[in-house]
1. Of the numbered conditions (1) surrounded by 16 or more Cβ atoms within 10 Å (Cβ to Cβ); (2) under 24 Å from residue 27 (Cα atoms); (3) at pLDDT below 85, residue 356 satisfies every one except a single condition; which is it?
2. For the stretch 91-109, which residues satisfy the criterion of being hydrophobic (A, V, I, L, M, F, W, C) and either modelled with pLDDT under 90 or outside the structural domain of residue 143 (by TED's automatic domain parsing) (or both)?
3. Does the stretch 74-82 contain any residue that is more than 24 Å from residue 305 (Cβ to Cβ) and modelled with pLDDT under 55?
4. Against the definition (under 29 Å from residue 305 (Cβ atoms), in contact (Cβ under 8 Å) with a residue 60 or more places away in the chain and not assigned by TED's automatic domain parsing to the domain that holds residue 304), how does residue 123 come out, yes or no?
5. Name the helices (runs of 4 or more DSSP H) wholly within the stretch 148-238 that hold at least 2 residues that are within 30 Å of residue 342 (Cα to Cα) and not polar (S, T, N, Q)?
6. For the stretch 136-147, check the following and say yes or no: at least one residue is part of a strand (DSSP E or B), surrounded by 14 or more Cβ atoms within 10 Å (Cβ to Cβ) and at pLDDT 90 or above.
7. Only one of 324, 303 is over 22 Å from the mean Cα position of the chain (by Cα) and at pLDDT below 90. Can you tell me which?
8. State whether the residues of the stretch 111-128 include one that is in contact with an Asp or Glu (Cβ under 6 Å, 6 or more places away or on another chain) and assigned to a loop (DSSP other than H, G, I, E, B).
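The values are calculated or read from the model by the stated rules, or taken from the named source; none is laboratory data. Keep in mind it's a predicted model, so treat the numbers as computed, not measured. Cβ placement follows ideal geometry from the backbone for every residue including glycine, while neighbour counts extend to all protein chains displayed.
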Amino acid sequence: MALNFTQTARHTGTLNHSLVQAIAVMRMSRIELQEHLAAAAESNPFVQPERPRPASGGGGSGDRDLGDVAARTEPSLYQHVGEQIAFAFDNPYCAALAQAFLRELEPSGWLGKSPEHIAAELGVPPGDCMDILYRLQALEPAGLFARDLRECLRLQASERGELDALMLALLRDLDAVAELSPEQLARRFHCTPADIAERLRLIRRLDPKPGSRFDTEQPVLRDSDVLVVVRGQDLIIELNSASFPTLRRVAPLDTGKVAPEHRDGLRNLVAEARALRNACALRRATSLALVSALFARQRRFLSRGYAALVPMRMGDVADDIGVSEATVSRILNGLSLQCAQGTIPARSLFCAPVSRGTGDQTKHVAFGRIRSLIAAEPADAPLSDGNIATELQRSGFTVSRRTVAKYRQELGLDAPADRRRRARVAAHLVSAPARAPE
């Protein structure tokens, strides 16, 4: 049962040691808690972390521990790329698009769907997906997120500094490389057979499937704190034991076998170990209750994404599980969820209402409308934030130009002048004649 720290402190007037310990543990991130438990175990022999329990294989809802699943595999391709995405994409909109690309990454390291297909599924501008693709193709190892063999090899050759004009021409014409002799290729590309032989040697060193070097089994729980899965009508919530460790139960102390001068010290150590064990159990139970309450309100998010969110504040969930709003805020600090929509911060499920017509919706509905308007705008005459605000107001939203500018920035979309400049550059690149290899 979760404890309302604020009310308890008000009623007692003071905080005892157990409560102080519980509050401290509730505030800690995964790494901070691991370090805290390691330090406690060194100084207190009664602090003994439990080994992760095997995950049950059945269905149903509830708390399951998948720490052993995450630990039994080598880093997978998806885990490796997911870690890089977390550092490379700060903007929430760009990070969400990158996660969508990650879900389409094949075990070979190639992209399973075209950026245009992904853009259509997400309802976002194709240009945004192309920008994300180019950034993802800069991740390690080179060749990831390639759309075909030519692009995969080209990315690797570029990363190695080996992509000269002749190499590029050979990679563009791999069919000829496979069918013709070095002498024929030399005549075709106006170079010497030695030049061809050197480039072929470099091509053979490239990896056509850069993803195959990783563990082929994707861990069930990556680096997230909580896994949320829908199976039929059941909602399964699984806690990562690395984020929510448990301690072994402390047996009663037999003081009859302890010298009198050591009894008080041992009693203190036992009390400290029990307080820490209870604090970890409380953190685990309250976090599980919180995540359950989140998706009791935001169940449609799992199938429809952010556009399906309903207005929700921390105080609403605090009332649902009987804790203070401050406790909810502590638990949400750094808490990440892995679900059908990718890996997301738990805080992103909270959103204030935006007035629309006779009811309230979340800003994510406005996000979708803004993306649609910008995607459909003329390239040479992009909509201003004021124009977009007017269109939203016609749709029933009560938003100002400044609110639109704020939402646009949250989405990672350029200002009108930047969009106009980008369209001009793109038009110039399309109209420019292709250069023949030297």
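1. Of everything listed in (1) surrounded by 16 or more Cβ atoms within 10 Å (Cβ to Cβ); (2) under 24 Å from residue 27 (Cα atoms); (3) at pLDDT below 85, residue 356 misses just condition (2).
2. Residues of the stretch 91-109 that are hydrophobic (A, V, I, L, M, F, W, C), as a first pass: 94-98, 100-102, 105.
Within the stretch 91-109, 94, 95, 96, 97, 98, 100, 102, 105 qualify.
3. yes
4. Details: under 29 Å from residue 305 (Cβ atoms): yes; in contact (Cβ under 8 Å) with a residue 60 or more places away in the chain: yes; not assigned by TED's automatic domain parsing to the domain that holds residue 304: yes.
For residue 123, the condition - under 29 Å from residue 305 (Cβ atoms), in contact (Cβ under 8 Å) with a residue 60 or more places away in the chain and not assigned by TED's automatic domain parsing to the domain that holds residue 304 - is met.
5. Numbers: elements: 149-159, 165-172, 174-179, 182-188, 193-204.
Passing ranges, in order: 149-159.
6. So the first thing to find is which residues in the stretch 136-147 are part of a strand (DSSP E or B), and the list is 146.
Imposing the further condition that a residue be surrounded by 14 or more Cβ atoms within 10 Å (Cβ to Cβ) reduces the set to 146.
Next, from what is left, pick out any that are at pLDDT 90 or above: 146.
There is at least one residue in the stretch 136-147 that is part of a strand (DSSP E or B), surrounded by 14 or more Cβ atoms within 10 Å (Cβ to Cβ) and at pLDDT 90 or above.
7. Values: 303 fails: over 22 Å from the mean Cα position of the chain (by Cα).
One residue alone meets the criteria, 324.
8. Yes; the residues of the stretch 111-128 include at least one that is in contact with an Asp or Glu (Cβ under 6 Å, 6 or more places away or on another chain) and assigned to a loop (DSSP other than H, G, I, E, B).
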